[in-house]
Amino acid sequence: MPVRPQTTLPYALSFVMAVVLIAAACSPATKVNNDPAYGSTTAYIISTKQLQSDKIPDSVFRLINLRRLTVNGGGCNAATKPNANCWMLREIPAEIASLQQLLTLELKANDLQAVPQELSYLLKLKTLDLSDNPRLTQINPITKLVNLEYLYLYGCDLQVLPADLSGLVNLKQLGLAGNRIGITEQERIKAALPGCKVTF
């Protein structure tokens, strides 16, 4: 009697599985685990309160197709800090350089003091939001981000911007309200970025 060839999955079941995989791929990722399937993740959006950590997980820097990275501070205010339930990023790791496809980076309401040199390698970055990092004063590598269009630095501790802003040729919006930037420096910034809408 001839042996009937076996199929791995009935057609209907294969179709259902395909639909599930497509739906999963289209939904925004909010958290990453160590499963290799996350290698195709394009968005990672979470707060430090959800992470219960003051560091970006190492697994994030293996997501080479990531387009958006958002890790905003959570659980902190004047009354709770430095409560055990208060988590804020205190640095941007050098591993950020591995996310070469990143278009949007948001690290708001944290405790960052400086932007690392490795951030300047993210040449596709279009939006950078470091607002409400009240101790942030060193941002020089940002001037190398030639494709940056939107830069938000509201509520930081800036008194001056880097001397050479000529690299920010595509900047459309620059948010600087809530800093300590004097009138003379404001005029210099506006003159250096004539095509950019600057908010003080």
Legend entry - Above-threshold pairs, the threshold being 20 Å between Cα atoms, out of Lys49/Lys126; Lys49/Lys108; Lys55/Lys126; Lys55/Lys108; Lys55/Lys172: Lys49/Lys126; Lys55/Lys126; Lys55/Lys172
Legend entry - Cα-projected label distance for Ala43 with Ala177, points at 7 Å along beta-carbon direction, nm: 2.6
Inset, instruction - Under 14 Å Cα to Cα from Lys190, which aspartates and glutamates show up? Leave out anything in the same chain fewer than 8 places away. - result: Asp164
Inset, instruction - Run the quick spin-label model on Lys124 and Ser166: label points 7 Å from Cα toward the beta carbon, then report their separation in nm to one decimal. - result: 2.9
Legend entry - Selected from Ser131, Gln113, Leu103, residue furthest toward positive end of dipole (region 98-155; charges at beta carbon): Leu103
Inset, instruction - Pop the C-beta distance of Phe200 and Lys144 into the FRET formula with R0 = 22 Å and round what comes out to the nearest 0.05. - result: 0.40
Inset, instruction - Determine the percent antiparallel among the DSSP beta bridges restricted to region 43-200, to the nearest 5. - result: 5
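Readers should treat all values here as calculations from the given coordinates under stated rules, not as data from a laboratory. Bear in mind that the values here come from a model prediction, so they are computed numbers and not experimental data. Heads up, the Cβs are rebuilt from the backbone with ideal geometry, glycines too, and the neighbour counts pull from every protein chain shown.
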